[in-house]
Each structure stands twice: as C-alpha cells, then as structure tokens.
Amino acid sequence: MSEQARKIRLGAFIMATGHHIAAWRHPAADADAGHNIEHYRALAQTAERGLFDLVFVADSPGGWDGDRDPEIRSRVSHSAHFEPVTLWSALSQVTSHIGFVATASTTYEDPYLLARKFASLDHISKGRAAWNVVTTGADVSKNFSIAGHPAHANRYERAEEVVDLVLDLWDSYEDDALIIDKASGVFLDPGKVHKVDHHGQFFDVAGPLNVARSPQGRPVVVQAGASEAGRNLAARTAEVIFTANQTLADGQAFYADIKGRLAKHGRRPEQLLIMPGLFAVLGGTEAEARQNYEFIQSLVHPTIAWGILKQYYVGVDLSGYSLDDVAPPLPTDTELNKSRLKLVSDLARTGLTLRQLYLSLATARGHRTFVGTPEQVADALQEWFEHGAADGFNIMPPVLPTGLTDFVEQVVPILQRRGLYRTEYEGRTLRENLGLERPVNRFVARANQQQRSAS
C-alpha cells in the first residue's frame with residue numbers, strides 16, 4: 001500500500017458496559033449489557049456505520065478466581081458475558097462489512113476444535129473472522145482439570161505449536177478442493193485435501209479439518225502479547241497487533257521493534273498492522289471533557305480501588321498504606337501477564353500515589369487515556385499514525401453504548417475531512433478492508449517450494 005493511500009484502521013474494543021471499571025454505574029450505561037444481544041447488535045451496527053474495520057471483545061476461558069474477595073465480586077460487572085464466537089456468529093447476520101475478532105486461548109483450548117469454530121465463523125460471516133491469540137495470563141486451571149497454570153515460557157512454547165497447527169488445519173482444503181459436480185457425482189478432489197499429520201511437543205493431530213477453506217483464505221490472526229516471547233510470536237504469525245502504549249515515544253519504539261523483526265520471517269512491514277488501544281473521554285470543550293472524566297472516576301467504590309491495586313501487587317501487603325501514599329515498587333517475579341505488569345510498573349515508577357495509580361488503571365488497565373474534544377482526539381490519532389507509532393487504533397469507549405456513538409459521530413467525520421480515514425469500505429472481507437493479502441495455502445506453498453528445490 002502506498003503511503004499516500006494509507007488510512008487509519010479502527011477497531012471497536014467492546015467491554016459490555018464500557019471499559020471503565022465503574023461504567024455499569026454510569027447513567028448512560030446499559031447495565032445488563034453482558035447478556036443483552038440487542039445491546040451488542042446496536043454496537044456492531046454503530047461501528048459499521050462508522051466504517052470501523054472490526055469489533056473485538058476480550059475474553060477468558062475461565063470464570064472468577066475462587067479466592068477473590070466476594071465484596072469485590074459484588075461490585076463489578078465483568079463477571080458474566082457472552083462467549084465471543086457464538087456472539088459474533090449471530091451478529092454477522094445483521095451486519096455486512098465489519099470484521100469480528102474473538103479471543104481463544106492457546107493454553108486452555110484444543111487446537112482442532114479452535115480451528116473448526118473459527119473456520120466456521122469465517123464461512124458464516126462470509127470472510128470477516130479473526131482470532132485473537134492469547135496464552136491466558138490469569139490462572140483459570142481449576143476449571144479445566146489440569147495440574148496448575150503453566151509457566152509463562154511453557155505457555156508460549158505451546159502457543160507457537162498451537163498457532164502453526166491451526167494455520168495448517170485451516171489450509172487442509174485447497175481453495176478449489178470442492179468440485180460439487182452433480183452430473184459426474186464427484187464432490188471433491190482428494191488430492192486437494194491434506195492431512196496435517198502433526199506430531200509435536202504438545203499435540204498429535206491427524207487432520208484434515210472438517211471445514212472447507214474459508215472465504216478469506218483463513219481468519220485474520222491477531223495477537224496482543226508484548227513480552228519478548230509475545231513479540232517473537234507476533235512477528236512470525238500475527239497480522240494485527242493490539243498493544244498498550246502510553247506515550248508517542250513508547251509507541252514508536254514498539255512499532256519499530258515489531259516491524260524490524262518481520263524480515264527475519266520473510267515478511268514485509270505492511271503484512272502486520274499495529275493498533276494501540278485508546279480510551280478517549282470526549283467533551284464539547286476541554287472543561288466538559290474533564291468534567292465527564294472526573295464524574296466517571298467518582299463512581300469507583302473504595303473496595304474496587306484496592307481490588308485494582310491488589311491485582312498487580314500480588315503477594316505484597318498493602319495494609320500499611322493509604323491511597324495517598326506513593327505507590328511502592330511492584331513485584332517482578334510473576335507468571336501472570338508480564339507485559340501488562342511491566343506497563344503498570346512503569347506507571348508506578350513515575351511517582352504516582354496509589355490513588356493516582358488506581359485511577360489510571362480504572363479507565364483502561366494501562367492503555368492510553370485521552371481526555372479532550374473530538375478535534376483533540378483526532379489530533380492525537382493523527383500524530384501517532386503519521387509519526388511511526390500506529391497503523392490504526394483499538395478504540396476503547398469508557399461507557400457503552402454512548403461512548404462508541406459519540407466517537408463515530410464526532411471523531412470519525414474529522415478524520416474523514418482530513419483524508420485520514422475511509423469514506424466507504426474497500427471490500428467485503430476483513431482482509432480486504434484491512435489491506436491484507438489473501439494468504440497462499442500452506443500446503444500448496446510447500447509443494448511449490450519442493451518443486452523449486454528439486455529443479
């Protein structure tokens with residue numbers, strides 16, 4: 001894609017009632033959103049009206065940690081929500097262009113079933129599916145009859161194998177494998193259906209998948225890990241990265257690092273899009289935006305404030321601290337989400353009090369928070385986009401549904417007037433709209449390589 005034709009990509013990162021920890025208490029929130037299909041349908045259609053590339057919901061394969069404080073549990077709204085592939089299958093039927101990103105865990109899900117459900121979603125949506133690859137930082141092992149949560153390094157070893165296996169399974173069928181000729185009675189060409197015959201460290205899978213190759217070749221692969229292992233996996237396999245960066249300099253460093261790793265894997269920079277998260281609080285004036293921000297922050301209950309902090313201060317006794325004390329150093333020896341812990345540790349090192357730290361995390365859990373007018377938000381997006389920090393953005397509305405509607409109606413037109421954002425969709429599939437190439441079938445590519453090597 002030429003630099004002149006390059007446009008900002010936008011995703012709508014949806015948390016049921018909004019990204020703020022206390023969003024469900026806001027007067028504008030749909031407090032029952034977690035199991036309200038009409039709520040999600042309206043959000044998907046709003047994002048499509050705003051010509052967004054995709055909608056995304058975060059997900060965990062497990063439920064609540066059984067040891068978590070029941071008082072905290074009683075005051076947050078994120079405990080109950082739809083399984084994402086099921087949700088997106090339904091919403092693909094009331095939309096026509098927007099892509100659907102669903103999270104699935106390489107630690108807790110079976111690769112064959114994972115490949116099957118995402119290939120099915122791509123067919124059901126006519127080429128608009130994407131898999132957000134996660135290794136699952138939280139320990140949810142008690143729900144899966146396994147002996148404890150695997151260590152970080154082991155989770156990524158398994159993830160490397162799972163992603164390669166799933167990609168092979170998605171390519172089990174070549175594009176023209178299904179002949180479906182009633183007159184001759186031939187349904188498929190067996191020579192174009194491939195066994196996987198995978199024998200790895202963690203899995204033995206024969207294949208082929210029992211779903212034909214999907215409309216966009218295969219679902220788009222999304223990744224969000226920013227640890228060294230996560231960056232290596234993304235550089236080799238991902239096509240979109242969701243990331244959390246607080247400053248332009250941090251964003252530029254991450255962008256340059258990831259793009260710089262691609263050549264090692266025979267990839268070009270445009271084959272991987274980097275989309276940092278942005279939690280934007282809008283107002284008609286700066287004062288109004290600040291007022292909106294202060295109001296939603298006022299909804300955080302003190303119990304939740306301490307609960308936010310304890311998520312990161314694992315094993316640290318905070319009973320001797322007040323919220324107005326300077327935040328102590330965070331622990332470094334953890335097998336949980338290492339990249340997010342580093343981001344929070346960097347925040348704490350700036351001299352924030354515990355109160356300031358939890359307020360920073362209550363909004364977007366370490367993603368960039370921006371408070372301002374629609375013009376100022378557009379300025380912020382343009383700066384990162386034009387100065388080597390982003391190919392697009394994962395927009396994280398503070399409160400839903402109003403936060404997404406406001407962004408679509410107030411910020412998107414500004415970006416369009418500046419020539420930074422599309423005025424119509426480029427295609428029907430997610431790959432077409434993201435400007436990503438249709439992937440060559442892996443089995444065909446290997447056969448071609450063998451022929452070249454033999455000649």
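The residues of the stretch 137-215 expose on average 53 square angstrom of accessible surface per residue, using a 1.4 Å probe on protein heavy atoms. Angle, helix 302-312 long axis vs. longest principal axis of the chain, Cα atoms, 0 to 90°, nearest 10? The angle comes out at about 50 degrees. Straight-line cross-link partners of K126 among the lysines, defined as a Cα under 26 Å from its Cα and at least 8 positions apart when in the same chain: K7, K117, K182, K192, K195. Taking the charge dipole of the chain about its Cα centre, with +1 at Lys and Arg Cβ atoms and -1 at Asp and Glu Cβ atoms, the residue from S360, A390, Y173 reaching farthest to the positive side is Y173.
For the stretch 196-323, what proportion of DSSP beta bridges, expressed in % and rounded to the nearest 5, is antiparallel? Working shown, then result.
Details: 3 of 9 bridges.
Taking every DSSP beta bridge with both residues in the stretch 196-323, the antiparallel ones total about 35 percent.
Note that the stretch 306-455 presents 47 Å² accessible area per residue, ligands and nucleic acids not counted, probe 1.4 Å. The charge dipole of the stretch 146-231, taken about its Cα centre with unit charges on the Cβ atoms of Lys, Arg (+1), Asp and Glu (-1) only, comes to about 260 debye. Count charges around E161 for me, please; just the other residues with Cβ under 12 Å from its Cβ, Lys/Arg as +1, Asp/Glu as -1. Net charge around E161: -3. Ranking K182, K259 from most to least accessible surface, computed with a 1.4 Å probe over the protein chains only, gives K182, K259.
Accessible area of E383 (1.4 Å probe, protein heavy atoms only, ligands and nucleic acids ignored): about 80 Å².
Under the convention that each Lys and Arg Cβ holds +1 and each Asp and Glu Cβ holds -1, the size of the dipole of the chain around its Cα centre is about 700 debye. With each label modelled as a point 7 angstrom along the Cα→C-beta vector, the A183-H387 pair spans 6.5 nm.
Simple rule: put +1 on each Lys or Arg Cβ and -1 on each Asp or Glu Cβ in the stretch 1-57, find the dipole, and look at H19, L54, A42; the Cα lying farthest toward the positive end is L54. Between the beta carbons of H301 and T423, assuming R0 = 30 Å, the FRET efficiency works out to 0.10 to the nearest 0.05. Between the helical axis of 152-170 and the longest alpha-carbon principal axis of the chain there is an angle of about 40 degrees.
Sorted largest first, the principal axis extents computed over the alpha-carbon atoms of the stretch 80-121 equal 31, 26, 12 Å.
Assuming a viscosity of 1.567 mPa s and a temperature of 4 °C, what translational diffusion coefficient in µm² per second does Stokes-Einstein assign to the stretch 283-422, Rh being the Kirkwood radius over Cα pairs? In µm²/s, the coefficient rounds to 76.
Between helix 228-237 and the chain there is an angle of about 40 degrees, using the helix long axis and the longest principal axis of the Cα atoms. A simple spin-label model places pseudo-atoms 7 Å from Cα toward Cβ; at R355 and D139 they are separated by 3.4 nm. Of the residues K195, K117, the one with the largest accessible area comes first in the ranking K195, K117, computed with a 1.4 Å probe on protein heavy atoms. Kirkwood's formula applied to the C-alpha pairs of the chain gives a hydrodynamic radius of 23.1 angstrom. Projecting the Cα atoms of H81, V240, G207 onto the charge dipole of the chain, computed from C-beta unit charges around the Cα centre, puts G207 farthest toward the positive end. With a Förster radius of 41 Å applied to the C-beta separation of A253 and D324, the computed FRET efficiency comes to 0.80. Here the stretch 247-363 is assigned +1 on the Cβ of each Lys and Arg and -1 on the Cβ of each Asp and Glu. Its dipole about the Cα centre then comes out at about 640 debye. Residue ranking by accessible heavy-atom surface, 1.4 Å probe, largest first, among L178, L309 comes out as L178, L309.
Hey, with R₀ at 30 Å, roughly what FRET efficiency would I146 and R261 work out to, going by the Cβ-Cβ distance, to 0.05? The calculated FRET efficiency here is 0.40.
Rolled with a 1.4 Å probe across the full set of protein chains, the surface gives Y108 an accessible area near 20 Å². Ligands, DNA and RNA excluded, the heavy atoms of R365 present near 60 Å² of accessible surface to a 1.4 Å solvent probe.
Of the heavy-atom accessible surface of the chain (probe 1.4 angstrom), what whole percent is carbon and sulfur? Please list the in-between numbers first.
Numbers: 10060 of 19800 Å².
Heavy-atom surface of the chain belonging to carbon and sulfur, 1.4 Å probe: 51 percent.
Across q = 0.11, 0.13, 0.16, 0.19 Å⁻¹, the stretch 175-264 modelled as identical point scatterers on its alpha-carbon atoms has Debye log10 I(q)/I(0) values of -0.55, -0.68, -0.84, -0.98, in the order of the q list.
Run lengths n ≥ 4 of DSSP H only: what is the helix-derived mean residue ellipticity at 222 nm for the chain, with -39500 (n - 2.57) per run over all residues, to the nearest 500? Could you put the intermediate results ahead of the total?
Values: 16 runs with 169 residues, N = 455.
The helix contribution divided over the chain gives -11000 deg cm²/dmol.
The equivalent ellipsoid that matches the C-alpha gyration tensor of the stretch 226-304 spans semi-axes of 36, 15, 10 angstrom, in descending order.
The values are calculated or read from the model by the stated rules, or taken from the named source; none is laboratory data. The structure presented is a predicted model; accordingly, all values stated were derived computationally and were not measured. A quick note on method: Cβ atoms are made from the backbone with ideal geometry, for glycine too, and the neighbour counts reach across all protein chains shown. Accessible surface areas use protein heavy atoms only, side chains included; no ligands, DNA or RNA. Shrake-Rupley method; radii C 1.70, N 1.55, O 1.52, S 1.80 Å.
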